[in-house]
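Below is one structure; the comments refer to it alone.
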Amino acid sequence: MEKPGVITRVNGPVVHINGLQAPTRFEYVVVGEAELPGEVLAVDHETAVAQIYEYTGGLRVGDPAGAAGHPLTVRLGPGLLGGIYDGLLRPLDDADEFIGPRGLTRPAVTDHDFEPEALPGTEMGPGDIIGRIARPAGGIDHLVVVPPDLAGTLEHIVEPGRYRSSAVIATIDGNDVTFTSEWALRRARPYRSRNPVREPFRTGQRVLDVLVPIAKGNSATVIGGFGEGKTMLLEQLAKWGDADVIIYVGCGERGNELTDLISELGELADPRTGRSLMERTIILANTSNMPVMAREASIYTAVTIAEYYRDMGYHAVIIADSTSRWAEAQRELASRTGAIPAEEGYPADLPASLAAFYQRAGRVDTLGGRDGIVTIVTSVSPPGGDVTEPVAAHTQRFVQAVWSLDRDLAYARHYPAVSWRNSFSRDRDAIGRWHAANDDPDWVTRNVRLNTLLGEADRLQGIADLVGLTALPTDERLILLTGRNIREAILQQSALSDNDAFCSPAKQAALTEAVLQTHDTATTVAAAGVPASVIEDFDYTALLRAKDITGPDDAAGVEAIAQRLRAALQELAP
Ligand SMILES: Nc1ncnc2c1ncn2[C@@H]1O[C@H](COP(=O)(O)OP(=O)(O)OP(=O)(O)O)[C@@H](O)[C@H]1O
Ligand SMILES: [Mg+2]
């Protein structure tokens with residue numbers, strides 16, 4: 001290390017180092033003979049207070065330490081896809097254990113088939129394409145571009161062929177370029193300009209796509225109490241969300257869940273390539289049995305990787321479960337560094353660090369002029385389901401959509417237990433306009449009708465509970481009936497169903513249309529004099545089961561079922 005020092009105090013993950021020459025905040029340090037990695041959190045006169053990312057047991061006062069003169073970086077390069085890493089992007093080879101090696105080790109050196117695309121003598125700027133590694137396992141090309149801080153004449157570039165990660169493949173203005181590059185994980189990677197986001201991020205989960213969608217390049221959070229289905233919903237997004245690259249962060253959650261997810265992703269066929277979906281996925285694991293502190297870094301590592309793929313012109317989605325565990329790591333640090341605690345013991349800069357994270361979502365013109373996207377989806381698990389606690393409250397300010405899970409729905413095994421009352425999306429209108437202009441002129445009408453009917457059904461249920469269903473007029477009874485049909489035929493979606501775990505946009509539209517048209521038919525039949533009780537007793541099973549008995553993209557199948565059902569319903573009329 002550039003700057004030598006010595007340990008003067010060890011307090012759990014917080015280590016004091018003296019003797020460093022001009023240490024700075026977030027400078028990368030290593031401590032002890034084992035060279036445990038960490039970052040400077042604060043500088044107090046002669047002392048640098050550092051957070052260490054591994055178990056500090058065995059460290060002693062007087063042990064050597066050193067600072068690097070630069071912030072903590074991660075090494076980005078081809079070969080990241082399909083890997084499982086810890087919060088500092090160190091490979092975890094044993095998926096069952098999730099215990100990383102001590103000290104800093106780096107991704108293995110592998111060979112890549114490189115195809116040069118630029119000619120010697122060309123003037124090149126940040127983000128310009130030097131060449132590509134065509135379809136390495138993952139089914140997406142890996143673009144090798146000029147790093148953000150480099151520009152000049154391309155003096156040399158290698159011939160097509162197989163090269164090591166560490167090989168010099170080009171020289172620009174006297175600087176060697178390799179496949180890999182380092183990036184400080186707390187620093188957002190630069191881009192040319194931010195673009196408006198409108199296009200929906202399709203999740204294949206009906207309740208989200210139909211009621212509370214988000215745009216690609218925005219952020220959303222799932223807020224839910226213990227066992228209400230946060231992890232299941234996030235895993236569904238990892239499997240079915242329409243992104244090019246998926247970065248899944250298991251942050252303080254159970255290791256066995258992550259092991260299961262990894263094997264499921266491994267078995268799942270990628271709709272684009274037919275190969276394993278794991279090949280487009282990167283897993284960052286900092287499960288509950290791993291050192292708490294690296295959780296703090298894992299979130300920034302994830303966004304840095306996402307921006308790296310964004311800069312190649314891809315859509316990368318980060319899925320982080322759970323940011324509450326991440327915030328807890330900050331709280332633990334705050335208590336050990338003697339920082340003045342703010343709300344509920346969280347550090348005073350909790351809102352700022354949440355904002356800094358969510359702000360890195362976006363749709364941008366990259367430095368190389370490509371369209372690149374980072375979408376962020378997280379979960380928050382407030383203690384006791386209290387959404388006014390600091391992490392939940394602040395997160396709601398910075399995300400575009402809140403998918404709020406409902407304890408009663410989860411208890412009734414209505415999955416996903418996303419509340420239509422307490423969830424919202426600030427993107428809904430923009431997405432409605434996008435659908436109108438691009439693929440589905442009726443999306444807005446259906447969305448509005450569904451919301452109105454669900455709201456009315458909730459209100460009427462309250463009245464029916466008091467006065468009894470039969471005291472309500474027919475039209476209100478039909479709304480209650482349709483409310484149930486919406487919940488069961490559209491909103492409920494089992495993650496465990498082969499046909500229904502994913503639902504295509506066309507099938508989503510067909511199911512919604514089916515329920516709404518059934519409501520219209522029921523209204524007509526009632527107007528013809530058929531009593532409400534007869535319409536209520538009609539057998540709607542075919543409608544409720546349509547999602548399960550048709551394939552994930554079988555809109556025509558749904559329409560056929562709905563048509564038969566409505567014809568039978570119609571026959572009730574004299
Ligand atoms: N979409 C779904 N389809 C089918 N079952 C579901 C679905 N969502 C949740 N469940 C059921 O609920 C259980 C709990 O879900 P999950 O583990 O995702 O909750 P959680 O909110 O992540 O819990 P924790 O607070 O412990 O992290 C699952 O094991 C499963 O049985
Ligand atoms: Mg969970």
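FYI, it's all coordinate maths here, none of it is from the lab. In this text, all values refer to a predicted model and were calculated from it rather than measured experimentally. Here the Cβ positions follow ideal geometry from the backbone for every residue, glycine too, while neighbour counts run over all protein chains shown.
Structure notes:
- With Cα atoms, 0 to 90° folded angle of helix 255-267 axis to the chain main axis: 80
- Subtracting the Cα-Cα distance of residue 408 and residue 429 from 0.36 nm times their residue separation leaves 4.7 nm of extension gain.
- Distance between segment 197-221 and segment 247-273 - C-alpha centres, whole angstrom: 21
- Residue exposure proxy: 371, 209, ordered by other Cβ atoms within 10 angstrom of their Cβ from fewest to most, comes out as 371, 209.
- Sites residue 539 and residue 470 - FRET efficiency at Förster radius 22 Å, r taken between beta-carbons, to 0.05: 0.60
- Computed over the Cα atoms of segment 145-222, pair by distinct pair, the Kirkwood hydrodynamic radius stands at 16.6 angstrom.
- Antiparallel content of DSSP bridges confined to the chain, in %, to 5: 70
- Here the simple spin-label model places points 7 Å from the Cα toward Cβ, and for residue 459 and residue 445 these points are separated by 2.3 nm.
- Against the chain, whose longest principal axis is taken from its Cα atoms, helix 230-240 shows a tilt of about 90°.
- Averaging Cα coordinates gives a centre for segment 288-342 and one for segment 503-517; these two points are 38 Å apart.
- Sites residue 484 and residue 55, calculated FRET efficiency, Cβ-Cβ separation with R0 51 Å, nearest 0.05: 0.45
- Quotient of C-alpha Rg and 2.2 N^0.38 Å, computed over segment 194-271: 1.17
- Hydrodynamic radius of the chain by the Kirkwood approach over all distinct alpha-carbon pairs: 25.9 Å.
- For segment 61-83, no residue has its backbone nitrogen under 14 Å from a point 7 Å from the Cα of residue 192, taken along Cα to Cβ.
- Label-point gap, in nm, between residue 436 and residue 113 - each point 7 angstrom along Cα→Cβ: 4.8
- Value of [θ]222 nm, deg cm²/dmol, for the chain, DSSP H segments ≥ 4, -39500 (n - 2.57) each, nearest 500: -10000 deg cm²/dmol
- Label-to-label distance for residue 263 and residue 520 is 4.9 nm, based on points extended 7 Å past Cα in the beta-carbon direction.
- Computed from Cα positions, the angle between helix 474-485 and the longest principal axis of the chain comes to roughly 40 degrees.
- Computed from the C-beta positions of residue 182 and residue 35, the FRET efficiency with R₀ = 25 Å rounds to 0.90.
- Placing a label point 7 Å from the Cα of residue 388 along the Cα-to-Cβ line, the residues of segment 338-365 whose backbone N sits under 16 Å from it are 343-344.
- Averaging the sequence gap over all C-alpha pairs within less than 8 Å and six or more residues apart, then dividing by the number of residues, gives the chain a relative contact order of 13 percent.
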